[in-house]
Every structure is written in C-alpha cells, then in structure tokens.
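Remarks on the structure that follows.
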Amino acid sequence: MDDRLTAVLGTLADDEAAWRDLSALCALGGRFAGSESEAAAIEFLATRLAEIGGPVVSHPVAYAGWERVTSVLEAAGRQFPCESLVRSPATGAAGLAAEVIDLGRGAEEDFARAGHHIAGRMVLVRHEYMFATHTVHRRRKYQWAMERGAVGFLIASHLPGDLLVTGSSGAVPGHGIPAAGISAETAAELFAGTERYPAVRLRIECRETRARTENLSLELPGRGEEWVVLCAHVDGHHLAQSAMDNGTGLAAVLAVARALAPHCGGFQRGLRVMFFSVEEWALAGSRHYVERLEPSARDAIACVLNLDSVAGHPALTALTSGYPALGPFLVDAARSAGMTLAIHQPIMANSDHYNFAVNGIPAARLVAGFDRPESNLRYVLTPADTLDRISPRELSHAMKLTAALAFHACQAPELDLRRGAARGA
Ligand SMILES: [Zn+2]
C-alpha cells in the first residue's frame with residue numbers, strides 16, 4: 001500500500017473528532033431545511049471546513065420553502081398522530097374528508113388492480129426499506145395516486161413500534177394532493193372495523209415561503225486542473241436527529257478531508273469538499289450547483305463520491321449511476337486498502353450524486369446496508385434515526401473506505417471514468 005495512504009488510514013484509525021462532530025450535529029436537531037437547526041448545522045460545518053484550511057465558499061440557493069405547522073388525522077371520532085410529508089399542500093381549516101383505500105405496498109400493480117376505485121379517495125400505501133434494488137420510491141407512489149385521481153395520500157410505516165414516517169412528497173406548488181405519514185398501528189386501526197373504505201379527515205396546515213439556504217465548498221488543490229468532489233447533504237427531517245441520514249455522511253466527509261488535506265498538494269487531482277442542502281427537497285441543492293457549472297467545469301470533475309447514510313450497518317455499497325468503469329475502479333481502490341465494497345450500477349435518483357451523473361459526471365453514492373432490510377437503516381425517516389443506532393466502528397470503517405477511494409481518485413496518473421457510459425460528458 002502507498003505510504004501516504006497508510007498514513008491517512010492511521011490518522012483516521014485514531015480520529016476521535018469524527019464521532020464528536022456526529023454527536024454535535026445530532027445535538028443540533030434534525031436539520032430540516034429552513035429550520036434553525038439546519039442553519040446551525042451549516043454554520044458548524046463552515047467552521048469545521050475553515051479549520052482544514054483555505055477559503056470556504058458559500059453558494060446561495062433560493063428554493064420554495066415549506067414549513068410544517070400542524071397535521072392531524074381523525075377517524076371514527078378519534079385523533080391519530082400523523083406527519084405531513086414535505087411540501088404537502090394544506091387542506092384548509094376544515095380538513096380533507098375522504099374514504100381511504102388500502103393499496104398494501106403501493107406498487108404499480110397495486111394501483112392498477114384498484115383501478116377506478118382510487119378516484120375521489122385517499123390512498124394508503126406502505127413505506128418500505130429504501131436502500132434496496134427493488135425499492136419503489138415514495139414519490140412514485142404519490143405520482144401514481146395523483147394520476148389515478150386520488151384526493152389524498154397516506155403512507156404507513158412498515159415497522160411496528162408506533163413509528164411515524166416522513167419524507168418528501170414530490171408535490172410542487174400548485175400541483176399536489178395532501179400527504180401524511182402514519183404509524184403501522186394507525187393504519188391497522190383505520191381498517192379494524194367492517195368498512196371497506198373507512199372515512200377519515202386529514203387536516204394539514206403549513207406555510208409556504210420563498211426561502212434561501214446555501215451549499216458550502218472547500219477546495220484542496222492538486223497539481224493538475226481536475227477535481228474529485230467529495231460531498232454529503234446537510235438537511236434532514238425533524239422527526240429525529242437525522243443521525244444516519246445524513247449525520248454520518250457529514251462527519252465522514254469532514255474526517256476524510258482533514259486526513260487527506262496534508263497530501264492534496266502532491267496529488268494529480270484536487271479534492272473539492274462540498275455540503276449540499278435541500279437534498280430532501282427532491283435534490284434541489286445539488287441540482288442548483290450542477291446546473292450552473294460551465295461545461296469546462298463539469299469536464300474537470302473526474303468523479304464524485306457522495307456519502308449518504310454510511311453507517312447503521314457495516315457493509316458499504318457504491319451506487320455507480322450507470323458508469324461501467326466506476327465500479328471496478330472503486331472496488332480496486334477499496335481492495336488496495338484491504339477492504340471490500342459492493343457495487344450497484346443502475347442509476348438511482350436517491351441522493352445528490354444523481355444530479356452529477358445525469359449531467360455527464362461519473363458519480364457514486366456510498367451507502368451502508370444496501371439490500372439489508374434488517375439493518376438499522378430501516379429507521380431512516382422515522383423518529384428512531386438517532387445517534388444510538390450507529391456504532392463508532394461503522395463510522396470509522398466508512399471513513400477509512402472513503403479515504404481509500406478518494407485517495408486513489410485524486411492520485412491516479414490517468415483517470416477516465418466516463419468511458420463506456422451511455423450518457424456523454
Ligand atoms: Zn440522505
């Protein structure tokens with residue numbers, strides 16, 4: 001192994017700052033975009049980046065802000081806890097009264113089978129493990145519901161334990177139906193009676209505003225013109241601490257940047273460290289950044305390593321976005337440091353790497369627990385995404401693996417990860 005990489009891995013093995021960073025971020029709250037918690041986290045990250053060295057650049061992002069006020073579900077004279085999905089439209093003070101149709105998981109065939117029974121009703125679907133090959137994303141279920149004329153959308157946790165579930169709805173101002181997450185127990189209670197389509201009233205209050213946030217970057221230049229982007233998203237949800245998603249990515253990016261910084265001047269490529277916000281807003285922060293890059297600036301990015309939910313299970317997978325050369329390169333880089341990495345090549349629109357990948361830039365997301373529905377990552381987007389679900393060992397492993405990948409991406413004399421990709425640069 002290269003002596004510099006040995007030194008970097010040694011530094012990371014003794015790094016106690018990463019766990020402190022993760023704990024500090026969790027203590028600031030869930031970092032919901034537009035909240036004080038998000039602003040405090042951005043300030044914290046900017047300070048930590050500045051300590052690594054070099055100017056920290058703030059990239060302002062304007063977006064359609066949305067603030068949750070209240071959400072209540074009533075049925076049979078009782079009130080049930082629920083959590084409006086991000087950007088759900090409000091229902092008005094009287095609420096939305098409708099019958100509920102249970103579509104089970106809410107896969108495409110479930111919608112097809114229910115056919116014309118959906119129109120005019122509120123659909124109920126299930127949340128599912130998000131980090132898996134065959135996951136059907138909540139936003140697709142929401143789109144199918146709207147296409148078939150549903151008037152509202154309920155998504156129930158697939159886990160027992162009175163866990164509410166949240167996430168983005170995919171609604172945009174002027175186009176959406178009210179949407180809320182409920183627990184598995186509430187879903188069962190709604191259907192405990194004899195009615196096929198129980199009647200409910202959903203009341204959602206929210207505030208829509210024009211909002212601003214920022215992305216952050218720090219450049220650690222190499223010898224040449226090219227860059228490797230190492231990034232993670234800042235924002236989360238206020239049901240919990242957003243510890244796994246994505247406190248782990250933030251803490252690991254900081255730790256790897258700190259450990260690599262003394263070596264970057266000698267690398268072929270520089271390391272551009274980035275933190276994006278409004279990721280939970282259908283990837284808005286990174287889209288804002290990538291869309292504004294000149295073609296030459298896009299060409300100068302050799303690859304992107306996006307860390308999103310990198311602890312909660314010891315096994316790590318790289319989602320390599322349809323770039324066939326990227327997987328083998330990353331697997332070799334991991335192997336050089338005595339570690340293993342699984343690869344999932346199809347493009348997945350589930351984090352910021354997607355916006356780079358669809359714009360011709362080889363981009364991977366590192367994620368823990370892919371296709372491991374028993375892992376602690378099943379608690380992401382619930383009140384149980386908390387620090388105690390993560391082991392320091394898992395975080396440390398993610399840091400070392402990321403360091404090995406970033407090291408090889410920065411120092412390889414030649415690197416063409418665009419070759420063989422269906423979409424050109
Ligand atoms: Zn995430």
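The values are calculated or read from the model by the stated rules, or taken from the named source; none is laboratory data. Every value quoted in this text rests on a predicted model; they were computed, and no experiment measured them. Cβ placement follows ideal geometry from the backbone for every residue including glycine, while neighbour counts extend to all protein chains displayed. Areas reflect the complete protein model, heavy atoms only, side chains present, ligands, DNA and RNA absent. Shrake-Rupley method; radii C 1.70, N 1.55, O 1.52, S 1.80 Å.
A dipole drawn for the stretch 183-275 from +1 and -1 charges on Cβ atoms has a positive end, and of THR186, LEU230, ALA240 the residue lying farthest that way is LEU230. Projected onto its three principal axes, the C-alpha set of the stretch 244-390 covers 43, 37, 30 Å, listed from the longest axis down. Largest first, the extents of the alpha carbon coordinates of the stretch 320-425 on the three principal axes equal 42, 29, 18 Å. Counting only protein heavy atoms and using a 1.4 Å probe, the accessible area of SER391 comes to about 40 Å². The alpha carbons of the stretch 121-173 occupy a box of 30, 26, 19 Å along the principal axes, longest dimension given first. Separation of the stretch 58-105 from the stretch 361-383 is 25 Å, based on Cα centroids.
Assuming R0 = 22 Å, can you tell me the calculated FRET efficiency for the pair ALA112 and HIS158, based on Cβ-Cβ distance, to the nearest 0.05? Intermediate values should be presented prior to the final figure.
Numbers: r = 21 Å, r/R0 = 0.96.
The pair ALA112/HIS158 has a calculated efficiency of 0.55.
More than 12 Å apart: what percent of Cα pairs in the stretch 44-103 qualify? Mind showing how you got there, number by number?
Numbers: 1405 of 1770 pairs.
Looking at the stretch 44-103, the distances longer than 12 Å represent 79 percent of pairs.
Okay, which of the stretch 154-174 sit inside 17 Å, backbone N to the point 7 Å along the Cα-Cβ direction of GLU189? What the label zone holds, given the 17 Å backbone N cut-off, is 154-165.
In this label model, ALA349 and GLU414 are separated by 3.6 nm, measuring between points 7 Å along each Cα→Cβ vector. Close amide H partners of HIS344, meaning residues 5 or more places away or on another chain with modelled amide H under 5 Å apart, are ALA318, LEU319, THR320. Residue separation of VAL57 and GLU225 scaled by 0.36 nm, minus their Cα-Cα distance, works out to 58.6 nm of gained length.
Could you size up the charge dipole of the stretch 48-200 around its Cα centre, putting +1 on the beta carbon of Lys and Arg and -1 on that of Asp and Glu, and report it in debye to the nearest 20?
Working: 14 positive and 15 negative charges, 68 e Å.
It comes to approximately 320 debye.
Compactness of the stretch 86-191 was expressed as the Cα radius of gyration divided by 2.2 N^0.38 Å, which yields 1.00. Evaluated at q = 0.15, 0.18, 0.27, 0.34 Å⁻¹, a Debye calculation over the C-alpha positions of the stretch 165-209 (equal weights, vacuum) places log10 I(q)/I(0) at -0.54, -0.73, -1.14, -1.33. Against the empirical curve 2.2 N^0.38 Å, the C-alpha radius of gyration of the stretch 100-149 lands at a ratio of 1.08. Rounded to two decimals, the Cα-based Rg/Rh of the stretch 189-311, with Kirkwood Rh, is 1.19.
Spacing of the modelled spin labels on ALA76 and THR340, each 7 Å from Cα toward Cβ, amounts to 4.9 nm.
With loop defined by DSSP as not H, G, I, E or B, and exposure as at most 10 other Cβ atoms within 10 Å, which is the longest segment of the chain clear of exposed GluC sites (Glu not before Pro)?
Numbers: sites that count: GLU16, GLU374, GLU414.
Within the chain, the longest run free of exposed GluC sites (Glu not before Pro) spans 17-373.
Legend: P(r) of the stretch 376-424 from all alpha carbon pair distances, 5 Å bins from 0, whole percents, reading 4, 16, 13, 13, 14, 11, 13, 12, 3, 0. Each of ARG212 and GLU43 was given a label point 7 Å from its Cα along the Cα-to-Cβ line. The distance between the two points is 1.7 nm.
For the stretch 15-146, the Kirkwood hydrodynamic radius comes to 18.9 Å, computed from all pairs of different C-alpha atoms. Here the accessible area of the stretch 315-424 is 50 percent carbon and sulfur, with a 1.4 angstrom probe and all protein chains present. Per residue, the chain exposes an accessible area of 38 Å² to a 1.4 Å probe, with every protein chain left in place. Ordering GLY34, CYS82, GLY369 by Cα displacement along the dipole of the chain toward the positive end leaves CYS82 in first place; charges were set at the Cβ atoms of Lys, Arg (+1) and Asp, Glu (-1).
Given Cβ point charges of +1 (Lys, Arg) and -1 (Asp, Glu) and nothing else, what value in debye, to the nearest 20, does the dipole of the chain about its Cα centre take? Provide the component values of the computation, followed by the final result.
Details: 39 positive and 47 negative charges, 141 e Å.
Result for the chain is approximately 680 debye, rounded to the nearest 20.
Expressed as a whole percent, the accessible surface of the stretch 45-128 that belongs to carbon and sulfur atoms is 55, based on a 1.4 Å probe. Charge tally for GLY95 (other residues, Cβ to Cβ under 15 Å; Lys, Arg +1; Asp, Glu -1): 0. Using every pair of distinct Cα positions in the chain, the Kirkwood expression returns a hydrodynamic radius of 22.0 angstrom. Using the Stokes-Einstein relation with a Kirkwood hydrodynamic radius computed over Cα pairs, the translational diffusion coefficient of the stretch 1-49 at 37 °C and a viscosity of 0.692 mPa s comes to 263 µm²/s. Rounded to the nearest 20 debye, the dipole size of the stretch 104-164 about its Cα centre is 100 debye, using +1 on the Cβ of Lys and Arg and -1 on the Cβ of Asp and Glu.
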